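Nothing in this text is a laboratory measurement; each read-out follows from the coordinates by a stated rule. Everything numeric here is computed off the predicted structure, so don't read it as measured data. Backbone-built Cβ (ideal geometry, glycine too); neighbour counts: all protein chains shown.
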Amino acid sequence: MTPKNAICLWFDGDAQEAAEFYARTFPDSAVTAVHLAPGDYPSGKAGDVITVQFTVMGIPCLGLNGGPMFKHSEAFSFQVATDDQAETDRYWRAIIDNGGEASVCGWCRDKWGVSWQITPRVLTEAIASPDRAAAKRAFEAMMQMDKIDIAAIEAAFRG
């Protein structure tokens with residue numbers, strides 16, 4: 001059954017490859033349906049994969065093979081809350097090592113241009129702390145990082 005609401009991500013012919021990567025990489029993720037175009041369209045032919053239904057960590061998504069007209073940007077990202085450094089490293093490496101690229105402050109971009117925030121819960125909690133001086137120290141430490149280093153965030157928070 002098609003969900004009432006889903007995130008639609010535009011791809012240039014490689015929605016199925018992206019969806020299969022997400023399904024292999026993240027828990028509670030799967031490719032649930034692949035639909036072929038019933039006729040020719042501006043970026044493809046009848047029989048090409050036109051849409052892919054999938055979930056990313058339980059979030060319903062639709063990959064649309066719409067062609068080269070639109071590109072992903074940081075205006076949309078998946079934020080993945082991690083529990084420890086091993087989980088943070090695992091997701092970061094999976095994205096980077098599969099043709100992606102590092103950015104700053106826990107952000108990276110996969111090979112299809114989709115942005116990801118690999119965000120340890122420790123960081124989120126530190127920045128939201130009512131101890132604003134400690135929150136500022138943690139925030140300033142994060143601003144110097146690419147991949148988030150939990151030990152460094154905790155040390156900055158403690159002062």
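Structural remarks
- Pairing residues of region 124-135 that are over 18 Å from residue 88 (Cβ atoms) with residues that are outside any helix (DSSP H, G or I) and not hydrophobic (A, V, I, L, M, F, W, C), at Cβ distances under 7 Å and at least 6 apart in sequence or on separate chains, gives 134/159; 135/129.
- Number of the condition not met by residue 106 [criteria: (1) buried (at least 16 other Cβ atoms within 10 Å of the Cβ); (2) in contact (Cβ under 8 Å) with a residue 60 or more places away in the chain; (3) farther than 21 Å from residue 17 by Cβ]: (2)
- Residues of region 136-153 satisfying the condition of being touching a residue at least 60 places away in the same chain (Cβ under 8 Å) and out of contact with any strand residue (DSSP E or B) (no Cβ under 8 Å at 6 or more places or on another chain): 149, 151
- Of the listed requirements (1) free of Cβ contacts under 8 Å to residues at least 60 places away in the same chain; (2) surrounded by fewer than 19 Cβ atoms within 10 Å (Cβ to Cβ), residue 72 misses just one: (1).
- The set of residues in region 113-159 being among the β-branched types (Val, Ile, Thr), outside any strand (DSSP E or B) and surrounded by 19 or more Cβ atoms within 10 Å (Cβ to Cβ) consists of 114, 122, 148, 150, 153.
- Within region 18-30, the set of residues being closer than 21 Å to residue 97 by Cβ and touching a helix residue (DSSP H, G or I) at 6+ places or on another chain (Cβ under 6 Å) comprises 25, 29.
- Whenever a residue of region 17-33 is under 20 Å from residue 117 (Cβ atoms), its partners that are among the acidic types (Asp, Glu) and outside any helix (DSSP H, G or I), lying with C-beta atoms within less than 8 angstrom and at least six residues away or across chains, give the pairs 18/110; 21/110.
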